[in-house]
1. Quick one: would you say L58 is at pLDDT below 95 and either within 56 Å of the chain's Cα centre (by Cα) or surrounded by 10 or more Cβ atoms within 10 Å (Cβ to Cβ) (or both)?
2. So, Q29, is that one more than 48 Å from the chain's Cα centre (by Cα) and surrounded by 10 or more Cβ atoms within 10 Å (Cβ to Cβ) or not?
Amino acid sequence: NDNSTLTETVARLRAEHTVLFQKRRRLEQQLESQQKELRTLNTGMCRLGVELQRINGLIAQNASARDALKEDNFNLERKVVVDLREMETEAAHLSGQIDMARVSKRDVLAEIVETERQVGGSSSRRG
């Protein structure tokens with residue numbers, strides 16, 4: 001009877017040992033899998049950190065380029081305005097010269113007409 005009780009106890013303990021051993025093996029596999037996943041995540045985080053630094057650098061370059069472009073646009077606009085004012089002044093000056101040339105031309109034509117009239121009048125008196 002003691003022998004059969006011991007046999008049963010040993011069989012039960014062996015079964016428990018097998019169950020616990022398998023459970024331990026599953027847990028170790030889960031741990032190994034989670035550790036592998038953690039290494040993968042850490043590697044990904046490092047890559048993301050590097051990528052974030054690169055993006056921040058690009059953002060800074062973009063902001064600098066944008067500021068330079070704003071300044072260039074402002075300077076160009078100011079130059080265009082100055083050039084336009086100079087052109088307007090030149091156009092007004094040229095318009096004045098054209099008006100003066102027209103008046104001068106009209107006066108010269110009037111003198112020519114008057115001279116022709118005088119010459120024509122004196123030739124008809126001679127003839």
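The values are calculated or read from the model by the stated rules, or taken from the named source; none is laboratory data. Since this is a predicted model, take the numbers as computed values, not measurements. Here Cβ is always computed from backbone atoms with ideal geometry, including for glycine, and neighbour counts include all displayed protein chains.
1. No; evaluated as a whole, the condition is false for this residue.
2. yes
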